[in-house]
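The values are calculated or read from the model by the stated rules, or taken from the named source; none is laboratory data. For clarity, every value in this text was computed on a predicted model and none was experimentally measured. When we count neighbours, we look across all protein chains shown, and the Cβ atoms used for this are built from the backbone with ideal geometry, even at glycine.
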Amino acid sequence: MELSVALISATVLGVGALFTSIRVLFEYERGVVFRLGKLTRAKGPGLIFLIPFGIDRMRKMDLRIVALDIAPQDTITKDNVSVRVNAVVYFRVADPTKAMIEIADYYFATSQLAQTTLRSVIGQSELDELLAERERINEVVRVIIDEGTDPWGIEVTGVEIKDIDLPQEMKRAMAKQAEAERERRAKVINAEGEYQASTKLIQAAEVIEQFPVAIQLRFLQTVAEVAVENNSTTLFPIPIDLFSQFGKEPSAVTSEGKARALKLAKEAALASLPDSAAASGTLADTRAPKITKSERALLEGSAEDSEPIEPDDTQQD
């Protein structure tokens, strides 16, 4: 009876020791084993066995990357501008043994080191560098933090500056600077466009100088473009030169007609004279037809527009 009780007790004790000595670790976990308070090694992942009854004790370590949010830091840049900067640090446990032995709380220690490093780097940089070269500053902060946490078995994989809060006065000054820069670019572009347009206008003027009718076609085209809008009345001054081409030919015809009329009148007057007078070219005979004042004015006006005719001194009123 006593033997069976002892056997049962041994069996229960063995089963309990078996359950207390078995551990299962996930792929992202490692177990740091202490045997009677002395570090042995890190085990895992999977199924591991420990010496029961408290001889072996294990501490789990998570090897996944941790995102550490750095609280906003008030600091002054190299060019004496007060800014508030916050960032995030990504790190993981690279050596579980060091992370357990070398430091009591690696999470808190990494957070404090990241804050001091961020303030130091921002204080050594100017505001323009902080805004324009953020990637370079992120890399500098990451390298410094990684060097500080390497003895603890911590690997810093990245640092990202999330926000840079500037004073309102600085924001207004930067907005004015950006606006002035945009206005400068707009004026330069406008001046460049005016220069190119003036060059094209010079070329167009040279073409119009060779073909003057082109300016009339351009005038008519402008009138057609304005006529599209029906809700307005537009007055265009029409140059007299536009009709100069229409008046030249009729005037020439009138002058030629006047010259022919004068010639026919003179021939008719000579034909009505006697032969002797016609031969001498005089109008002394009283039988010659009289020329009235209106006819003489008409003949004199025609003579001015045509070729000159020698006056007849023998004609008498």
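Which of (1) within 30 Å of Ala71 (Cα to Cα); (2) in a helix (DSSP H, G or I); (3) touching a residue at least 12 places away in the same chain (Cβ under 8 Å) does Glu169 not meet, given it meets every other one?
Going through the list (1) within 30 Å of Ala71 (Cα to Cα); (2) in a helix (DSSP H, G or I); (3) touching a residue at least 12 places away in the same chain (Cβ under 8 Å), Glu169 breaks only (3).
In region 147-163, which residues are buried (at least 17 other Cβ atoms within 10 Å of the Cβ) and touching a residue at least 40 places away in the same chain (Cβ under 8 Å)?
Of region 147-163, the ones buried (at least 17 other Cβ atoms within 10 Å of the Cβ) are 148-149, 152-154, 156, 159, 161.
Selection gives Thr149, Trp152, Gly153, Ile154, Val156, Val159, Ile161.
Confirm whether Ile70 is in the same structural domain as Glu147 (by TED's automatic domain parsing), surrounded by 17 or more Cβ atoms within 10 Å (Cβ to Cβ) and assigned to a loop (DSSP other than H, G, I, E, B).
no
Is it the case, given these coordinates, that Leu217 is assigned by TED's automatic domain parsing to the domain that holds Val93, at pLDDT below 90 and either in contact with a strand residue (DSSP E or B) (Cβ under 9 Å, 6 or more places away or on another chain) or surrounded by 10 or more Cβ atoms within 10 Å (Cβ to Cβ) (or both)?
Against the criterion (assigned by TED's automatic domain parsing to the domain that holds Val93, at pLDDT below 90 and either in contact with a strand residue (DSSP E or B) (Cβ under 9 Å, 6 or more places away or on another chain) or surrounded by 10 or more Cβ atoms within 10 Å (Cβ to Cβ) (or both)), Leu217 does not qualify.
Scan region 144-152 and tell me whether some residue there is in contact with a Gly (Cβ under 8 Å, 6 or more places away or on another chain) and among the aromatic types (Phe, Trp, Tyr).
no
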